[in-house]
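One structure is given below, encoded as structure tokens.
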Amino acid sequence: MAKAMYIGVSGTARKVKKMYGGVSGVARRIKKGFVGVGGIARLFFSGDGVIYYGTAAPLSVARSGHAATVIGNYALFGGGGDSNAVDAYSASLQHSTPTPLRVARDSLAATTVGNYGLFGGGASSITSSDVVDAYDSSLQRSAPTSLLLHRRGLAAAAVGGYALFGGGYNNGVLNSVDAYDASLQRSTPASLGTARERLAATTVGQYALFGGGSSNSARVDAYDTSLQRSTPTPLSTSFTAPAATTIAGFAVFAGGATDGAVNAYDGSLQRSTLTPLSQPRSAPAAVTVGKYAVFAGGTMNEYRAEVDTYDDHLQHSTADPLSVARGALAAAGLGNYALFAGGGYASSGATTAVVDVYLASE
């Protein structure tokens, strides 16, 4: 599928970055260009920014509370609700269904280390889980050693050849941290400084950061490549159920602050405050694609469809909204595509299988 437009200049294909059309004798910049593919309008040109591309094939099962990561040429979405389904999307957005998780569960966490995408923890309708499932770049599943403790509502990030799973809940809020190396061997680094669940994690420079979470937490814990823990400056306010991703050497945390606050940490763990979200909300999904960090959906008294972006200079803008307002969705970035999949969208507990795709300019 075309994502860009090129023109020959002195025998070399050059990407078209700007296009103009005449309107009443005035040159107006063309922001989007579409072409028909199989009877569907597909974007083939866009200027700078994050553009709504359309929908990919839906998830095999409508669900919320699932997790996502990328391994090799695939974005994987696993678990959610009472499902053990795993959906894979290739770089060309082709959909497939690898071997499912060994245990159906939601509120799990996912990250990638070495040649494996890991899905850890979560909870079924019966009990919390300690199960970790690993998928290699051929989408073959294996079964590493389980987490030290059963728990759900945990967060995951990778640093220095380790996948870290931190925090969570099981008959109480936990501060436990498990580390898996590239051979899937488990170890137990120092625990989080404060027990909490529904926190967010991402990696910046030589650190994996775990920030915010339950109990109105502003706490941030940092783990270096040797798995030594330190405590950077806290978030500017409490971030309950935030999301996090990394762009241009900054770890960006957003969501869960009543004023929509957004914080960034650089590779030296210095904190700055960014333009707030366009709409305060908890539990958005976050992903980095191209030169943009993207935060989509979430809840704040009602389900939200807003999409906020921060570029590689940390400048804020908004993109077209999600096709369905929803929370507890999951996101993954693959090439220049950002995929936002599933989620809950009604107070009745209804869930969706829709996968919205956004295209980021290079």
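The values are calculated or read from the model by the stated rules, or taken from the named source; none is laboratory data. Note that the structure is predicted; figures quoted are calculated from it, not measured. Don't worry about glycine lacking a Cβ; one is built from the backbone with ideal geometry, like all the others, and counts go over all protein chains shown. When the accessible area is computed, the model is the full protein with side chains, heavy atoms only, and any ligands, DNA or RNA have been set aside. Shrake-Rupley method; radii C 1.70, N 1.55, O 1.52, S 1.80 Å.
Structural remarks
- Carbon plus sulfur fraction of accessible area for the stretch 290-362, probe 1.4 Å, in percent: 44
- For the stretch 170-283, size of Cβ-based charge dipole, Lys and Arg +1, Asp and Glu -1, in debye: 180
- Principal axes of the stretch 82-163: Cα extent on each, largest first, Å: 36, 32, 19
- Gyration tensor verdict on the stretch 250-362 (Cα atoms; rounded if a/c is under 1.5, prolate if a/b is larger than b/c, oblate otherwise): oblate
- The amide H of Val113, built 1.01 Å from its N in the peptide plane, has Leu118 as neighbours under 5 Å, considering only residues 5 or more places off or on other chains.
- Sorting the Cα pairs of the stretch 60-213 by distance into bins of 5 Å, from 0 upward, gives 2, 11, 22, 24, 22, 13, 6, 1, 0 percent per bin.
- If you take all other residues with their beta carbon under 10 Å from the beta carbon of Asp106, and give Lys and Arg +1 and Asp and Glu -1, the sum is +2.
- Here the calculated FRET efficiency for Gln94 and Ser226, from their Cβ-Cβ distance with R0 = 35 Å, stands at 0.30, rounded to the nearest 0.05.
- Tensor-based shape of the stretch 190-269 (alpha-carbon gyration tensor, a/c under 1.5 rounded, otherwise prolate or oblate): oblate
- Estimated translational D of the stretch 242-305 in µm²/s (Stokes, Kirkwood radius over Cα pairs; 10 °C; 1.306 mPa s): 135
- Mean Cα-pair separation over length for the chain, i.e. relative contact order, pairs under 8 Å, 6 or more apart, %: 13
- Pairwise FRET efficiency - Ser272 versus Ser183, Cβ, R0 = 45 Å, nearest 0.05: 0.75
- All other residues whose Cβ lies under 14 angstrom from that of Gly249 are scored, Lys and Arg at +1 and Asp and Glu at -1, for a net of -1.
- Distant-in-sequence amide H partners of Val204 (H built 1.01 Å from N, under 5 Å): Leu209
- The computed volume of the Cα convex hull per residue in Å³ for the structure shown corresponds, within [x] 121; [y] 155; [z] 141, to [y].
- Per residue, the stretch 115-265 exposes an accessible area of 35 Å² to a 1.4 Å probe, with every protein chain left in place.
- Cβ crowding within 10 Å averaged over residues, with 228-239, 273-284 ranked highest first: 273-284, 228-239
- Result for the chain in a Gaussian network model with C-alpha springs under 10 Å: among Gly161, Gly80, Gly213, the largest mean-square fluctuation is at Gly161.
- Charges were assigned to the Cβ only: +1 to each Lys and Arg, -1 to each Asp and Glu. The resulting dipole of the chain about its Cα centre is roughly 740 debye.
- Label zone of Gln315 (point 7 Å out along Cα→Cβ, amide N under 12 Å): in the stretch 243-265 this covers no residue at all.
- The residue among Gly49, Thr111, Leu149 whose Cα reaches farthest toward the positive pole of the charge dipole of the chain, with charges on the beta-carbon of Lys, Arg, Asp and Glu, is Gly49.
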